[in-house]
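To keep things clear, I will list the structure first and then write my remarks on it.
The values are calculated or read from the model by the stated rules, or taken from the named source; none is laboratory data. Keep in mind it's a predicted model, so treat the numbers as computed, not measured. Don't worry about glycine lacking a Cβ; one is built from the backbone with ideal geometry, like all the others, and counts go over all protein chains shown.
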Amino acid sequence: MKYNIADLKLLIEKSIASFVPGSHPKELYQPITYLLNLGGKRIRPLLTLLAYQLFRDNVESIVRPALAVEVFHNFTLVHDDIIDEAPLRRGHSTVHKKWNTNTAILAGDVMMIKALTLLDGLESDKFSTIIEEFCSCAIQVCEGQQLDMNFETHDHITEEDYLQMIRLKTAVLLGFSLKFGAQLGGADPHTTQLLYDVGVNLGISFQLKDDLLDVYAQEAKLGKQIGRDISTNKKTYLRIKAFELADTQQKKILTHWLQKSPANHEEKVYAVKAIFDQLDIQTHTEKKAQAYCKQALTLIEKIEAKPTPKDLLKTFANELFYREN
């Protein structure tokens, strides 16, 4: 049976609802259940199921291992929120705010381990390869997070530096998710690599759009504070591009505001956003994100598979680009 995107999301949500990470001590396991049940786009397990469905029909058989990438992703969110001191995640209190930082660290650690245990039922001929690639991907995500933190103390970050950082922090997990599904579906190495490349391009496009939404989305739709990247002086694509295009006076204004931590968050965001608007940074970022999305769609066309599941994957890729949150 071929599933549409809504059907696949339902399969994932049912799997998450039935996932019991543990029970005692409850202070360790409640945060995990809390975060997983806050919702989310479920992009990574969806990509795994979409890739599998390119080659096989019995997608129900791999929902449990597909959940591994979602649990791992949520582990990274717990720790990222601590690092960023973020108050909100998906419109609700972050784990470290609702409980405390130490509990959040431990809960995140358990999620990483649980992600690995969700892979324990894989076919023996695929198990060692997938575990090795999963762990390699996890390390790259951590490398990307460290680069992101390094950027906080570096004055000059290039566009190339930034794209490499988000490739590691965000995109490689999307690449792994697609490759993982293709491997479980029995695809050949050339095709699994193609799908990995699709995911990496989608991941870069996704993060660029995420940077954009942080400044230009509606807070109610985004589910978190608008302009937090500006407020916390994060070196996003928008900021890097603004300094590249700004004249002397605009650079002076940007530097002034980005060195300040005013009590009025809205004042700082308004001032920096005004410079972004003068430089049309929104359009520059949209074009860059669209270029990566277009490359992903081009690669999908090269995959030898039935047209219906390919069309589903293309539809989902476009949904990621055109999303409003």
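A compact table of results
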| item | result |
| --- | --- |
| Selection status of residue 214, at pLDDT below 95 and either part of a helix (DSSP H, G or I) or within 25 Å of residue 240 (Cβ to Cβ) (or both) | yes |
| Whichever residue in the range 52-85 is charged (D, E, K, R) and either buried (at least 19 other Cβ atoms within 10 Å of the Cβ) or outside any helix (DSSP H, G or I) (or both) and, among such residues, is modelled with the highest pLDDT | 70 |
| Only listed residue being within 22 Å of residue 171 (Cβ to Cβ) and outside any loop (DSSP other than H, G, I, E, B), chosen from 49, 119 | 49 |
| Given (1) at positive phi; (2) surrounded by fewer than 12 Cβ atoms within 10 Å (Cβ to Cβ), index of the condition residue 22 fails | (2) |
| Check on residue 38, among the hydrophobic types (A, V, I, L, M, F, W, C), touching a residue at least 24 places away in the same chain (Cβ under 8 Å) and in a loop (DSSP other than H, G, I, E, B) | yes |
| Candidate set from the range 86-104 (those that are part of a helix (DSSP H, G or I) and without any contact (Cβ under 8 Å) to a residue 60 or more places away in the chain); member that is nearest to residue 170 (Cα to Cα) | 96 |
| Only listed residue being of a type in the set (S, T, N, Q) and either surrounded by 15 or more Cβ atoms within 10 Å (Cβ to Cβ) or under 28 Å from residue 321 (Cβ atoms) (or both), chosen from 259, 250 | 250 |
| Residue, surrounded by the most Cβ atoms within 10 Å (Cβ to Cβ), within the range 153-165, restricted to residues that are in a helix (DSSP H, G or I) and more than 17 Å from the chain's Cα centre (by Cα) | 161 |
| All positions within the range 217-242 that are modelled with pLDDT of 80 or more, of a type in the set (Gly, Ala, Ser) and farther than 16 Å from residue 266 by Cα | 242 |
| Filtered residue count, the range 261-316, keeping only those that are more than 22 Å from residue 250 (Cα to Cα), without any contact (Cβ under 8 Å) to a residue 60 or more places away in the chain and among the charged types (D, E, K, R) | 5 |
| Every residue from the range 37-46 that is over 12 Å from the mean Cα position of the chain (by Cα) and either among the acidic types (Asp, Glu) or modelled with pLDDT of 95 or more (or both) | 46 |
| Breaking point among (1) at pLDDT 90 or above; (2) farther than 18 Å from residue 84 by Cα, for residue 266 | (1) |
| Failed criterion for residue 168 (all others in (1) under 30 Å from residue 303 (Cβ atoms); (2) surrounded by fewer than 18 Cβ atoms within 10 Å (Cβ to Cβ) hold) | (2) |
| Residue satisfying all of: in the range 1-19; assigned to a helix (DSSP H, G or I) and of a type outside the set (A, V, I, L, M); surrounded by the most Cβ atoms within 10 Å (Cβ to Cβ) among these | 15 |
